[in-house]
1. If you take the residues of segment 193-219 that are at pLDDT 75 or above and surrounded by 18 or more Cβ atoms within 10 Å (Cβ to Cβ), which of them is nearest to residue 246 (Cα to Cα)?
2. Report, by residue number, each residue of segment 211-224 that is more than 9 Å from residue 186 (Cβ to Cβ) and either in a strand (DSSP E or B) or touching a residue at least 60 places away in the same chain (Cβ under 8 Å) (or both).
3. Would you call residue 412 buried (at least 20 other Cβ atoms within 10 Å of the Cβ), modelled with pLDDT of 85 or more and out of contact with any strand residue (DSSP E or B) (no Cβ under 7 Å at 6 or more places or on another chain)?
4. Would you confirm whether or not segment 236-248 contains a residue that is outside any strand (DSSP E or B), farther than 30 Å from residue 329 by Cβ, in contact (Cβ under 8 Å) with a residue 40 or more places away in the chain and within 31 Å of the chain's Cα centre (by Cα)?
5. What pairs can you find where one residue is in segment 176-196 and within 11 Å of residue 133 (Cα to Cα), the other is at pLDDT below 85 and buried (at least 16 other Cβ atoms within 10 Å of the Cβ), and their Cβ atoms are less than 8 Å apart, with a gap of 6+ or different chains?
6. Hey, which of the helices (runs of 4 or more DSSP H) in segment 55-166, taking only ones fully inside, have at least 1 residues that are assigned by TED's automatic domain parsing to the domain that holds residue 179, under 19 Å from residue 188 (Cα atoms) and at pLDDT below 85?
7. Given the condition assigned to a loop (DSSP other than H, G, I, E, B) and on the phi < 0 side of the Ramachandran plot, answer yes or no: does some residue in segment 368-384 qualify?
């Protein structure tokens with residue numbers, strides 16, 4: 001009986017070990033290996049996150065080209081971004097012809113045969129693996145036609161005729177419109193008036209579907225309106241107004257020999273503006289007939305709730321314009337530019353609104369008769385105005401700003417040296433400026449004493465300072481020695497020679513202050529014809545020469561690691577340049593936020609790892625003297641005891657029964 005009980009216990013324990021203990025033991029061992037495998041092969045980011053990250057590199061083509069070589073997924077995403085705007089900011093003779101060559105390889109065999117039948121040689125290319133035409137979202141008509149010209153010049157012996165250019169553009173344009181998911185930006189620009197008829201968008205198949213997702217429309221022509229072209233323009237405006245109702249940005253610039261002509265063209269543009277639901281920005285020149293002024297301003301007023309930016313090139317009918325400005329509650333940016341014909345009318349009558357909610361005012365007029373008008377705008381904007389840029393800057397305008405606009409933080413003005421003392425007393429001593437740009441006439445030039453006076457008067461809150469005045473390195477060194485604020489960005493627009501000496505003065509200021517992060521220099525004279533890449537390379541060479549001077553040998557090199565140098569664009573007194581800077585600042589802020597989030601996540605992971613290590617050490621310290629075999633034998637002995645007691649209980653019950 002005892003032997004039977006021992007055998008039963010032996011078989012039961014083996015079964016228990018086989019089905020309960022060994023699986024858990026193996027799972028623990030494999031689990032540890034899986035954890036190690038996960039650490040060696042971390043999970044990839046989701047595709048949406050990668051698209052969001054690469055979206056910030058849209059203008060950094062070199063980084064996107066390096067992403068192509070990383071892996072298959074990044075290659076696909078980077079190519080999609082690179083081929084969004086293939087005809088924007090390209091050199092048609094070099095990159096534009098290569099773009100057309102790629103699009104030619106995407107054509108069907110029938111379309112290629114049409115080109116061959118018209119004596120256009122096509123290179124023997126295979127169909128690409130990627131759908132390049134489907135990625136296009138920004139279409140630039142002028143660069144598109146110029147790129148086709150450049151490609152045809154390379155494959156044809158004779159100079160390409162208009163028929164060949166028109167045939168090639170229609171085939172490629174139709175293919176892009178058919179396969180595209182929808183354009184977001186359409187730029188209808190023509191710099192060469194003799195080839196304007198070649199851009200016939202309305203004959204492309206699938207153009208209505210391609211226009212259905214448009215968000216930005218830009219129409220510019222450098223020549224006068226003619227009966228040969230106006231019919232095509234009218235059809236274009238009508239087609240876009242029918243295809244989409246969700247445009248957000250409209251820019252229309254066209255010129256006429258006589259404003260009182262082409263009534264039908266004016267009417268089509270009025271209906272085009274009115275047909276959209278909610279425009280955010282409108283930029284126009286005064287091309288319309290005087291009879292149509294009320295209709296134009298009523299069409300603009302149709303978007304009073306959504307309009308945030310308004311630019312008028314040339315002023316007329318100011319009483320109607322004031323009615324529009326007073327009813328646009330969300331209008332934040334207002335820009336005026338002088339007419340090409342210089343026939344601006346500054347008579348605004350007696351209709352003046354009570355106030356304007358404008359934050360940014362840009363005024364590009366050199367006419368002395370415009371002072372009353374700009375003073376009126378400044379008084380109406382009053383405390384709401386935050387930035388002001390003006391080509392016309394007189395003592396009367398300074399007095400108006402001092403009285404009515406105390407909250408201005410960004411100022412860009414054309415200042416005469418004779419008005420410097422008044423400028424310091426009325427504005428620099430009262431405004432809390434953060435961004436200041438000063439342009440002075442070529443003669444007379446600011447003297448050394450005037451520069452010292454300006455440096456001492458700059459407000460402490462100023463972080464950006466730009467000056468467009470002829471200044472040598474000794475005057476610049478004198479200015480920076482007395483400069484009161486701790487600048488972060490210094491822009492010099494008129495440094496013609498002795499760049500290394502000027503940069504040495506700037507570096508000495510950067511070492512002394514410790515806040516300067518960037519220096520910007522504008523192309524002048526001898527380096528005006530070089531490309532942006534060559535100029536940037538040249539600037540870095542000049543900066544390295546300046547930093548290697550003996551006067552900086554005693555300072556540690558790490559003080560200059562964060563100092564960068566870049567190209568400064570000419571002062572345009574326009575909103576577009578500052579808007580790009582603000583967009584870059586926003587992108588930098590977003591990137592910094594993401595970096596901070598990543599750092600916080602890393603810190604949390606490190607803290608969790610430390611806690612886990614501490615817990616493991618505690619557990620190990622409790623069982624440090626016991627080997628794994630003894631632990632295993634103890635578990636088995638406990639199981640034996642439990643099973644033995646249960647079996648004895650069963651036998652005892654069986655005997656009693």
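The values are calculated or read from the model by the stated rules, or taken from the named source; none is laboratory data. These numbers were taken from a predicted model, which means no experiment stands behind them. Backbone-built Cβ (ideal geometry, glycine too); neighbour counts: all protein chains shown.
1. Per the stated criteria, the residue is 214.
2. The answer is 220, 221, 222, 223, 224.
3. Details: buried (at least 20 other Cβ atoms within 10 Å of the Cβ): yes; modelled with pLDDT of 85 or more: yes; out of contact with any strand residue (DSSP E or B) (no Cβ under 7 Å at 6 or more places or on another chain): no.
So residue 412 fails the test.
4. Within segment 236-248, one or more residues are outside any strand (DSSP E or B), farther than 30 Å from residue 329 by Cβ, in contact (Cβ under 8 Å) with a residue 40 or more places away in the chain and within 31 Å of the chain's Cα centre (by Cα).
5. Qualifying pairs under 8 Å: 176/204; 177/204; 177/207.
6. Output list reads 141-155.
7. no
Condition check ((1) surrounded by fewer than 20 Cβ atoms within 10 Å (Cβ to Cβ); (2) modelled with pLDDT of 90 or more) across all residues:
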| site | (1), (2) |
| --- | --- |
| 255 | yes, no |
| 258 | yes, no |
| 261 | yes, no |
| 265 | no, no |
| 269 | no, yes |
| 272 | no, yes |
| 276 | no, yes |
| 279 | no, yes |
| 288 | no, no |
